[in-house]
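Working notes for the structure below.
What follows is calculated from the coordinates using simple rules that are stated; it is not laboratory data. Computed from a predicted structure; not experimentally measured. Reconstructed Cβ throughout: ideal geometry from the backbone, glycine too, with neighbour counts over all protein chains shown.
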Amino acid sequence: MMDVLLGLQWGDEGKGKVVDVLTPDYELICRFQGGPNAGHTLEFENKKYVLRSIPSGIFQGDKVNVIGNGVVLDPALFQAEIEQLAASGHQLTGRLKISRKAHLILPTHRLLDAANEAAKGAGKIGTTGKGIGPTYTDKTGRNGLRVGDIECNFQEKYEAHKQRHLSMLSQMGFSVDAAKLAEDEKTWFEGVECLKTFEFIDSEHFVNKQLQAGKKILCEGAQGTMLDIDFGSYPFVTSSNTICAGACTGLGVAPNRIGKVYGIFKAYCTRVGSGPFPTELFDETGQAMRDNGHEYGSVTGRPRRCGWIDLVALRYAVMIDGVTDLIMMKSDVLDQFETIKACVAYKVNGVVTEDFPYDIDEGEVEPIYTELPGWQTDMTHMKSEDEFPEEFNQYLSFLEDELGVRIKIVSVGPDREQTIQRY
Ligand code: GDP
Ligand code: IMO
Ligand code: MG
């Protein structure tokens, strides 16, 4: 069986932490979409790690980790990640396999990302600047360069892609710093050499054979459902399918192989970059969430926008992903709040709706809130649900009723140990 773990909000829900916690139950951990736009944080034994392209299953035993075909890889950033891990004693050769069909992010993809953003002006997406959009555009435009290409006439293929990109950049009036590009290319090609020290595989065959042999697989989503290219708050989204179906296309596994779908969310809500965020708070409550939760981007360091939990968006995500098990993160961030609010519906142009609408332009959506009492108790040292305060249990039951799915795990702090299983 293949289980899938997905972010249900706008990313940074805590996917990395939970994949690490769940890894002992699995034999294979796979990434299926996204790239170094992701920043997945893990904390254990007083150490903190941030992973971008490498799956979060690398720290628990000798589990095999796979970078699937749906992922986009930047060799330069990949090498930096590998070297950082090696420096802290984590050697991955032999237990990290890479799909030949994963697409490569070229240095010029990053420039195109910057050029696209500049061209959008005030309407910019606020991307991570990692070249994600242009790489997926090349993929669907049938112009991509893949990991498998490294094995044959690579330099020639690379040059053709680079020239095409340079001519696009020139058409956009974007001035390219040739010296900087040459430097980036040097690092990039060193990264390609680093990539080559890992096994390139036809991951769809590998993963399906593992399933056939009865092995348990966990798929690690990146970004979140509300950043999905089809169902997110378009155009303020990323360029891949972050939803459950993305695990099928991003690994070559049939839908009927999927077992559990873990849907992970924060007890409140955050977003980085531009785009609508109906429950966003601009007051001291939002600032308290940012301070308590250290809500600053793990990739770009940007302050994350903070607000109350949005059940209209969450219900939508649960539906699209077919979530079977919910996981609530960062409840400790609200530990001292007197009251907790939850958005149960939107008022859009005077009409109340519980369904996530086509367009949620900023300013036109009024969230309708239910208020609940806060628990005002430090929960960070709790080990079992028996210790949960009454008000916290009330919040959990309220969310379960609203979402129609049980909350099986509650996280009360960033450390691996601060994780409580329920039921
Ligand atoms: P991901 O992208 O979904 O893996 O999430 P990020 O790592 O970008 O962001 C989650 C942040 O919250 C990280 O800094 C984690 O260390 C931290 N974190 C995870 N779970 C908890 C929790 O329960 N409480 C607190 N306070 N922090 C948490
Ligand atoms: P993880 O996996 C939060 C956001 C960017 C921007 C939009 C498009 O750590 O949850 P992109 O660079 O993908 O073209 O940017 O998506 N974004 C994320 N926000 N967490 C992430 O990943 C994100 N990856 C992309 O901020 O708004
Ligand atoms: Mg993150």
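Overview of values
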item	result
For the stretch 350-384 versus the stretch 41-83, the gap between their alpha-carbon centres in whole angstrom	32
Positive-end extreme of charge dipole, the stretch 353-414 - chosen from V365, S411, S397 (charges on Cβ)	S411
Normalised contact order of the chain, rounded percent, pairs of Cα under 8 Å and 6 or more residues apart	20
Sequence of C306, C219 once ranked by neighbouring C-beta atoms within 10 Å, starting from the fewest	C306, C219
Nearest 10 degrees, 0 to 90: helix 107-120 Cα axis against the chain principal axis	50
The stretch 1-81 - charge dipole about Cα centre, Lys and Arg +1 at Cβ, Asp and Glu -1, debye rounded to 20	160
Size of electric dipole in the stretch 296-394: Cβ of Lys, Arg +1 and of Asp, Glu -1, about Cα centre, debye, nearest 20	380
Most fluctuating residue given options S233, S170, S298, as computed from a GNM of the chain linking Cα atoms under 10 Å	S170
The chain: antiparallel DSSP beta bridges as a percent of all, rounded to 5	40
Rounded to 10°, Cα long-axis angle of helix 311-321 versus longest principal axis of the chain	50
Cα convex hull of the chain - mean projected area over all directions, nm²	20.2
Exposure proxy order (Cβ contacts within 10 Å, fewest to most) of F392, F44, F236	F44, F236, F392
Cα shape, the stretch 374-423, gyration tensor, a/c 1.5 rule	oblate
Computed Rg/Rh of the stretch 43-141, alpha carbon atoms with Kirkwood Rh	1.04
